[in-house]
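J.: Take a look at this one; I'll ask things after.
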Amino acid sequence: MSSEPVIKAAGLSKCYHLYARPRDRLLQMVFGHKKAYYREHWALKDLSLEIAPGETLGVIGRNGSGKSTLLQLLCGTLNPSAGQLQTQGRIAALLELGSGFNPEFSGRENVFLNASLLGLSTAETRQRLPQIEAFADIGDFINQPVKTYSSGMALRLAFAVIAHVDADILVIDEALAVGDAFFTQKCMRFLRAFMKTGTILFVSHDTAAVQSLCNRVIWLDQGQLRQQGTPKEVCENYLAAFYEAQQGASAPPPVNQARRQPQPQAWRVQRDAFINASNL
């Protein structure tokens, strides 16, 4: 296996223009050379990262931290505002549920559609269709429009497709959270087998799953890389920071100086209990 990174990002950034009023978009088109009618929101800013072949990288962070933006940039569904990004090999992604599916098409028709987007020919998809249907295990619903599917059924079909396209890199974005326990176990068994030959980017709020599955973890915070390292260390620091933020947000305002005496030892005990419970 080559030692060259399969994913290499340098100064990767994504900026969105936010308009306070709909008419400001028109004003920007007409008078934008004189004045900016928007404010900038950097969903991702100056991220540099290398992912080695065969590595399983976990991505954690609170909502709005830039996780999904990073994955969409890696998959090519977004263009970066700045920086450089290089990828090697076929990437199969499970991002938002139903992405790549036409809700009016049947499950079987969407298998061919989604597989073609991932680089398979019609003949290759037809050859693998029995295995895809068996993995999804949705029965006769394979002939029904996807718009009639539950979120769990859509997950089953989407995961079944990416599991059979011979991808070099798998990108999983929190999708497994909607699956039932038995299908989640099936997906985890597949991912562990895939880890022997392929590269995985795994985004999840379940820090126990991240620690169990990943070799390395990065923590994104407000669009920037806050920490990277071993799963245990990064997840514990992330949970501790989250707990501190929650305690600060919910703490009542002090009545007087005498009642503001800190109790660091009791606080640490509560925090450690929170972290340990999250890792069970």
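J.: Only one residue in LEU85, LEU157, LEU118 is touching a strand residue (DSSP E or B) at 6+ places or on another chain (Cβ under 6 Å) and without any contact (Cβ under 8 Å) to a residue 60 or more places away in the chain, so which one is that? Working first, answer last.
T.: Details: LEU85 fails: without any contact (Cβ under 8 Å) to a residue 60 or more places away in the chain; LEU157 fails: touching a strand residue (DSSP E or B) at 6+ places or on another chain (Cβ under 6 Å).
Testing whether each residue is touching a strand residue (DSSP E or B) at 6+ places or on another chain (Cβ under 6 Å) and without any contact (Cβ under 8 Å) to a residue 60 or more places away in the chain leaves just LEU118.
J.: Residue under question is GLN144, and the condition is that it be touching a residue at least 24 places away in the same chain (Cβ under 8 Å), more than 30 Å from GLY11 (Cβ to Cβ) and open to solvent by 60 Å² or more (accessible area, probe 1.4 Å); does it hold?
T.: In short, yes.
J.: Can you tell which of PHE112, PHE141, PHE101, PHE135 is assigned to a loop (DSSP other than H, G, I, E, B) and among the hydrophobic types (A, V, I, L, M, F, W, C)?
T.: PHE101
J.: Assuming PHE101 fulfils every condition listed in (1) open to solvent by 30 Å² or more (accessible area, probe 1.4 Å); (2) closer than 26 Å to SER116 by Cβ apart from one, which condition is it?
T.: Unmet condition: (1).
J.: Please state which of the following conditions ALA160 fails to meet, knowing it meets all the rest: (1) part of a helix (DSSP H, G or I); (2) open to solvent by 50 Å² or more (accessible area, probe 1.4 Å).
T.: (2)
J.: Separate question: If I ask for residues that are in contact with a Lys or Arg (Cβ under 8 Å, 6 or more places away or on another chain) and among the hydroxyl-bearing types (Ser, Thr, Tyr), which ones from the stretch 1-37 would you list?
T.: SER13, TYR19, TYR37
J.: Assuming LEU78 fulfils every condition listed in (1) open to solvent by 90 Å² or more (accessible area, probe 1.4 Å); (2) touching a residue at least 24 places away in the same chain (Cβ under 8 Å); (3) out of contact with any strand residue (DSSP E or B) (no Cβ under 6 Å at 6 or more places or on another chain); (4) not small (Gly, Ala, Ser) apart from one, which condition is it?
T.: (1)
J.: Confirm whether LEU73 is of a type in the set (A, V, I, L, M, F, W, C) and buried (at least 20 other Cβ atoms within 10 Å of the Cβ).
T.: yes
J.: Here's another thing I want to ask about it. Any residue that is in contact with an Asp or Glu (Cβ under 8 Å, 6 or more places away or on another chain) and among the aliphatic types (A, V, I, L, M) - is there at least one of those in the stretch 220-229?
T.: No, the stretch 220-229 contains no residue that is in contact with an Asp or Glu (Cβ under 8 Å, 6 or more places away or on another chain) and among the aliphatic types (A, V, I, L, M).
J.: Does PHE182 qualify as being within 21 Å of the chain's Cα centre (by Cα), at pLDDT below 90, part of a helix (DSSP H, G or I) and farther than 25 Å from THR87 by Cα?
T.: no
J.: If you scan the stretch 69-89, which residues turn out to be assigned to a strand (DSSP E or B) and either under 24 Å from TYR19 (Cβ atoms) or of a type in the set (Lys, Arg) (or both)?
T.: If the condition is that a residue be assigned to a strand (DSSP E or B) and either under 24 Å from TYR19 (Cβ atoms) or of a type in the set (Lys, Arg) (or both), then ALA82 is the only one that fits.
J.: Just to be sure I understand, how many residues within the stretch 197-241 are surrounded by 15 or more Cβ atoms within 10 Å (Cβ to Cβ) and of a type in the set (Ser, Thr, Tyr)?
T.: 4
J.: Can you run down the residue pairs with Cβ atoms below 8 Å, 6 or more apart or on separate chains, where the first is in the stretch 196-218 and closer than 15 Å to VAL171 by Cβ and the partner is part of a helix (DSSP H, G or I) and open to solvent by 40 Å² or more (accessible area, probe 1.4 Å)?
T.: From the stretch 196-218, the pairs are VAL203/SER68; SER204/ALA177; LEU213/MET188; LEU213/ARG192.
J.: Same structure again: Answer yes or no: is there a residue in the stretch 112-122 that is under 27 Å from VAL203 (Cβ atoms), among the polar types (S, T, N, Q) and open to solvent by less than 50 Å² (accessible area, probe 1.4 Å).
T.: yes
The values are calculated or read from the model by the stated rules, or taken from the named source; none is laboratory data. Just so we're clear, the structure is a prediction, and the values are computed from it rather than from any experiment. When we count neighbours, we look across all protein chains shown, and the Cβ atoms used for this are built from the backbone with ideal geometry, even at glycine. These area figures cover heavy atoms from the full protein model, side chains too; ligands, DNA and RNA do not enter into them. Shrake-Rupley method; radii C 1.70, N 1.55, O 1.52, S 1.80 Å.
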